[in-house]
1. Within the range 243-254, can one find any residue that is modelled with pLDDT of 95 or more and in contact with an Asp or Glu (Cβ under 6 Å, 6 or more places away or on another chain)?
2. Pick out the one residue from 272, 282 that is over 14 Å from residue 173 (Cα atoms) and at pLDDT below 95.
3. Out of the range 205-215, which residues are part of a loop (DSSP other than H, G, I, E, B) and open to solvent by 70 Å² or more (accessible area, probe 1.4 Å)?
4. Going through the range 32-46 one residue at a time, which ones are loosely packed, with under 15 Cβ neighbours inside 10 Å, part of a helix (DSSP H, G or I) and without any contact (Cβ under 8 Å) to a residue 60 or more places away in the chain?
5. For the range 219-231, which positions are open to solvent by less than 70 Å² (accessible area, probe 1.4 Å) and among the polar types (S, T, N, Q)?
6. State whether the residues of the range 16-24 include one that is touching a Cys at 6+ places or on another chain (Cβ under 9 Å) and at pLDDT 85 or above.
7. Output the number of residues of the range 111-132 satisfying the condition of being modelled with pLDDT of 90 or more and either open to solvent by less than 20 Å² (accessible area, probe 1.4 Å) or part of a loop (DSSP other than H, G, I, E, B) (or both).
8. Mind checking which pairs have a first residue in the range 153-165 that is farther than 24 Å from residue 279 by Cβ and a second that is charged (D, E, K, R) and part of a strand (DSSP E or B), Cβ under 6 Å, 6 or more apart or different chains?
Amino acid sequence: MSELRQEAEAIAEQFSDHLDVAPADVEERLETLVDEYRVPLDEASRSVTNSYLEDAGMERDELGRGGSESVLVNEIDADEQWVDVRVKLVDLWEPRSDSISQVGLLGDESGTIKFVAFETSELPELDEGACYELSNVVTDEYEGSYSVKLNRTTQITEIDEAIEVGDNAETVEGALVDIQSGSGLIKRCPEDDCTRVLQNGRCSEHGQVDGEFDLRIKGVLDDGETVTEVIFDREATEDLTGMTLEAAKDMAMDALDTTVVAEEMADDVLGRYYRVTGPTFRRYVLVDEMEEPGSVDTESALIEARSI
């Protein structure tokens with residue numbers, strides 16, 4: 001069975017209790033997008049699913065795929081998958097939006113992962129330090145970092161089990177030798193369940209939207225032997241550069257150009273030596289902690305390391 005046919009059958013199964021959807025009809029719509037319009041299969045699948053959601057008058061979090069797989073948090077490596085996890089609530093954070101009821105960090109023996117629960121899901125609140133079996137949560141991906149979303153179909157069971165939380169963080173260091181494209185002042189999709197970076201004002205899932213400003217740096221650390229790509233989120237970027245989001249917006253407005261923000265940041269931080277710690281995904285270290293060793297002579301360190 002082809003990958004496209006498998007995806008068509010999975011979509012049809014999702015709507016089997018709500019619409020009369022034949023796998024062949026779904027496959028035809030996917031084929032049109034993939035073969036005629038050269039749309040990637042994952043984007044085509046989202047587009048077709050959104051169309052059926054509209055037909056059924058449903059929200060995305062009302063869907064679920066039967067037989068969710070039980071996984072460890074560091075095994076999550078795909079977007080929009082329905083999974084079950086047994087976790088400890090490690091930390092709760094202050095929500096930045098009124099639409100979010102809880103946000104924080106879940107963990108198991110393999111490491112930790114961010115979770116979000118929305119007000120519209122009307123779920124009972126989780127307690128920090130307690131352990132839970134969470135059935136039917138949805139995976140989400142942002143800049144190579146995965147999280148899980150609790151939704152209306154999520155079943156929450158508190159368990160009497162001491163779950164030891166592992167550490168999946170990595171520490172790397174080196175001179176910041178490059179700031180990549182997509183750094184500085186950016187715009188993200190404003191939808192509650194989406195933080196994708198906009199390209200020419202468009203979100204890959206929600207189309208043309210009025211974005212919300214954010215800061216980030218996608219950089220490269222070089223210790224003379226190993227090159228590591230790192231991502232600083234808004235908080236880490238503000239700590240790294242001393243530039244706040246409001247200051248960056250004012251700078252871009254004065255220049256009528258957002259690229260000046262990344263250029264200003266590059267002037268301040270390129271060539272300096274940093275030690276960062278955070279979870280890894282694919283080729284990136286996602287920076288949670290950062291320090292600038294004051295005793296390191298960057299140029300001498302690079303020369304010495306490359307001579308070994």
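1. yes
2. 282
3. The initial filter retains those residues of the range 205-215 that are part of a loop (DSSP other than H, G, I, E, B), namely 205-206, 209-211.
Listed by number, the list holds a single entry, 210.
4. Going through the range 32-46, the residues loosely packed, with under 15 Cβ neighbours inside 10 Å turn out to be 32, 35-38, 40-43.
Checking the rest, the ones that are also part of a helix (DSSP H, G or I) come to 32, 35-36, 41-43.
Across the range 32-46, the qualifying residues are 32, 35, 36, 41, 42.
5. The first filter runs over the range 219-231 and keeps only residues open to solvent by less than 70 Å² (accessible area, probe 1.4 Å), leaving 219-224, 228-231.
Residue satisfying the conditions is 228 alone.
6. Pass one, the range 16-24, residues touching a Cys at 6+ places or on another chain (Cβ under 9 Å): none.
No, because not a single residue in the range 16-24 is touching a Cys at 6+ places or on another chain (Cβ under 9 Å) and at pLDDT 85 or above.
7. 14
8. Sorted first by the residue in the range 153-165, then by its partner, the pairs are 157/133; 159/133.
The values are calculated or read from the model by the stated rules, or taken from the named source; none is laboratory data. Keep in mind the model is a prediction, meaning the values are calculated, not measured. Heads up, the Cβs are rebuilt from the backbone with ideal geometry, glycines too, and the neighbour counts pull from every protein chain shown. Surface accessibility is based on the protein's heavy atoms, side chains included, excluding ligands, DNA and RNA. Shrake-Rupley method; radii C 1.70, N 1.55, O 1.52, S 1.80 Å.
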